[in-house]
Each structure stands twice: as C-alpha cells, then as structure tokens.
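Quick notes on the structure that follows.
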Amino acid sequence: TVWFSLAGLVGRLPISMIGLGIVLLAEHTTGSYAVAGSLSATAMIANAVLAIPQGRLMDRLGQGVVLRVVITVWGAGLAGAMVSLEADWPRWTAYVLAAVSGAALPSVGTCARARWAHALVGDESALHTAFSFEAAVDEMVFIIGPVAVTLLATGVDPIAGLVTALVTGLGGTYVFAGLRSSEPPAHPRTAATETRAPIPWGAIGVLSVHTCALGVLFGAAEVVTVAFAQEHGHESVAGLLLACWSFGSLVAGLLSGVYAGRVDQRTMLWIGALGMSVSSVPLLWIPSIPWMAVALLIGGLTISPTLIAAMSLAKQALPASRMTEGMAFLNTGLALGVAPGAALAGVVIDAHGASTAYLVSLGGSVVALLAALAVRMPTNVSDHERVAELA
C-alpha cells in the first residue's frame, strides 16, 4: 500500500492548486478578477459534474485504464488553457479548455480509498486507520498546494504554479495507475440480463447531502477568514489562519487513526458534526486575529473525524461493484457545496462584515448535523451481491 499512498499524495496535489493557480494566472493576463474567478468556477463545476460518471467507469473498466485516459485529457486541457491565456487567444477558448481540464481531473483520493477498501476487506479497524491516514493526506495537500502555487506564481512566474500542478498531476497519477497489484477488480457487465447491485441511497444520498453541507461550511469559512484578516489590517495572515484550521484537522485525523475502532462510526459522524456546529458559534464574536487562530485550530479538530466517519460509513454501505462510483458521490457533494458557500459568504460580507458572515459556515454545519442524524445504513445485502462478493 505504501506505493499507491505516495503516488496518490503527489497525484492529488493539483486538486488544491488548480483553482488558485487559474485565478493568479488569469488575473495577471486579463487584469480581471471576474474573468479569473469565472474560469476557476468553470473548471470546478465541470469536475463536479463528471466525477460520478468517472467513478462508474472505473468500477466497470478498472482504475488503471480510465485514469490513464482522463489524466492525459486533463493535462492537454490544462496546458491548452495556460497557452490560451498567455497567448491571448479568444476568451472562449480559455473557458472551453478550463471545462475540459476540470471534467477530466480524476479524484485520486477516491481511487486511493477504494484501494484501501479492497486491500483491507473484512478488517474494519485497519480500514478506519487507513481512512484516517487518507484524511491526513488530504489536509497535507491543502496545506502544501495553495502555499506552493502562490509562491511560485508570485515569486517565479504567473504560470509556474500551474506548470507544477501539471507535472505533479501527470506524474503521480500515471504512477498510481500503473500499480496494478493494488487495483480493485473491475466489475464489467458480463450478460445482458445481469443487474447491478443498487446503491443504498438511504446512506449514500444522505451522506452526500452531509458532505455538500460541509462544502458550504468550508467554502464560506475560507472567504470569510480572508475578509476577517483584511478587516483587522493583516490580510497577509489569512493563509496562516487557514493553515491553523487545516493543522487542527490533520492532528485529529492522525489521532483518529491511533484510536481506530473504539467508537461506532455513526456515533462519530454525529459527534463530529455537532462539534463543527458548536465550534462555529464563537467565530461570530472573535475580537482579534490571535483568538481567531485559536478558534480555528479547535474547530479544525472536528473536520477529519467527521469526514473519516462519512467515508467509513459509505464503504460499509456500498457494494464492491460500485465502490468508486459511490464514494465519488460524497466527493462531488463536497465540491458542489464550496462555490455557493463562498458566494453566499461574499454577499453577507459586503452587507454586514466578516464576523456576521460566519453565519453561513454555521448554517452549513447545522445542515451537516441534521443529515448525519438522518443517515440510514442498509440492513442486508442482496443475494446477487453476495455471489459477486464471493466470486
């Protein structure tokens, strides 16, 4: 597992670099934050729309085959978008190429979790530790990626950040796709009469709503924290404040792995979502940057355990033949929530200031808690799926 873990870490770095990298390059070449933001949003929306069909293809054809194709298309689309901005091609070409790159960007993290589920089948405690590790990797990616792309774009060249994302995405994903021994088996349709095991929507649908609400929380908190730092005259520390948030989540993810299996995952989901709601309330009245750093660090402690519990429950509920596709629903929900969360927070900031805008994050956490309470795990597995699992 060490090889696909390392390759997965490198291969998923672009997820945290592309949006900010596009904004920095597009603003430099066009002089417009509106264009830069809309280009980034185009890539993000295309990625969210195509993530689930990608997951379905990986379950049917195998991760290796699909990953090689989509990462190649992603690389061509991103390179084309960079060239179109640098060479001042017609504006529509940048939007088309950004959409192509966003649609083709694979969720390497989802693939890695599907590999862990295949490698550790039947060992729920070890799988919980593995998912805790993956949550820590995600936090590392979102600590390293934005800092790296900003430093490269501002200190070297506006295009340098995206070039680095292109190299790490292609290199890491090609290596990941080539590791066939850890790849879950494909589940192609072998007969016209074969029916696929159903997705348990009582669990996966509600968990997707849960992660979408978390996306609203995350998207809003990032924007509001930048505005909070700016209002207090220290915009440059916004990145440090968000790093405190991610560091809290990283620590909690590692601790969750250490104490794997000691808490029921549904209980952990409820506790984590409740913790998010409670820790979001003080943000409305924090008076200074140092206290905000402490509050975000404490709030970050609730992130990884909640996401780990959601992924663990999804794994328990999903049939093996639809594991990658089903987990993609959760990641898509997370991605879909970020943009409206950020947009709504921006409206509230303009009208009432940064502190009040933390209400958007609080609202997202409350919806996530309600969804966590509504999750219904399947009680049985179909005979067809039992045969498939044994095979």
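The values are calculated or read from the model by the stated rules, or taken from the named source; none is laboratory data. On a predicted model such as this, the values are computed, not experimentally measured, just so you know. Virtual Cβ from ideal backbone geometry, glycine too; neighbours counted across all protein chains shown. For accessibility, only protein heavy atoms count, side chains too; no ligands or nucleic acids. Shrake-Rupley method; radii C 1.70, N 1.55, O 1.52, S 1.80 Å.
Points to keep in mind about this one:
- The set of residues in segment 145-191 being closer than 30 Å to Ala320 by Cβ, open to solvent by less than 30 Å² (accessible area, probe 1.4 Å) and small (Gly, Ala, Ser) consists of Gly169, Gly172, Ala177, Ser182.
- Residue match in segment 324-333 (condition: hydrophobic (A, V, I, L, M, F, W, C), farther than 29 Å from Gly62 by Cβ and part of a helix (DSSP H, G or I)): no
- Restricting segment 250-270 to residues that are farther than 13 Å from Phe133 by Cβ and polar (S, T, N, Q) leaves a set whose member that is modelled with the lowest pLDDT is Gln265.
- Entry remark, segment 20-51: residues being within 30 Å of His187 (Cα to Cα) and open to solvent by less than 30 Å² (accessible area, probe 1.4 Å) number 4 in total.
- Pairs are defined by a Cβ separation below 9 Å, a sequence spacing of at least 6 or placement on different chains, a first member in segment 8-34 that is closer than 18 Å to Val137 by Cα, and a second member that is of a type in the set (Phe, Trp, Tyr); the pairs so defined are Gly8/Phe176; Val10/Phe176; Gly11/Tyr174; Gly11/Phe176; Pro14/Trp74; Ile15/Phe142; Ser16/Phe142.
- Selection from segment 223-236 of residues that are under 18 Å from Ile286 (Cβ atoms) and surrounded by fewer than 20 Cβ atoms within 10 Å (Cβ to Cβ): Val226, Gln230, Glu231, His232, Gly233, His234, Glu235
- Near pairs, Cβ below 6 angstrom, 6+ apart or cross-chain, from segment 110-137 (closer than 16 Å to Gly11 by Cα) to any residue that is open to solvent by 30 Å² or more (accessible area, probe 1.4 Å) and among the polar types (S, T, N, Q): Thr110/Asn331
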